[in-house]
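Okay, structure first, notes after.
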Amino acid sequence: MTMQSTEDDEPPFVNSALSQRLTRHGVTVQVEIYGDGEGKWILEVVDAQNASHVWDDHFESDQQALAEAIRALEEETVEFMDAPAKLDSLH
């Protein structure tokens, strides 16, 4: 885990070692998992169009956040596809 701070007045956040690229059903995303500074974990998934999908709820562990990212990519793949692929899948 690495400590990073974006501003002097903001607390540092922890980047989980579980952050990684994942591919499911031909869709690749970047999974970013960050400690929130209060003992919980933030999940962000960045798709091929560089759109960020951040979960409102924080997770008890980085493993839970990763499991949710995998579940979402498995069950909601279309949410992470680029725009042309989404349009093609509707026909």
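A short reminder: the numbers here are calculations on the coordinates, not readings from a lab. Only a predicted model underlies this, so the values are computations on that prediction, with no experimental measurement involved. Note that we place each Cβ from the backbone using ideal geometry, even for glycine, and neighbour counts take in every protein chain shown.
Each of Ser52 and Glu75 was given a label point 7 Å from its Cα along the Cα-to-Cβ line. The distance between the two points is 2.5 nm. Neighbour counting of Cβ atoms within 10 Å sorts the residues Val29, Val46, Val78, fewest neighbours leading, into Val78, Val46, Val29. Among Phe13, Phe80, sorting on how many other beta-carbon atoms sit within 10 Å of each Cβ, with the fewest leading, yields Phe13, Phe80.
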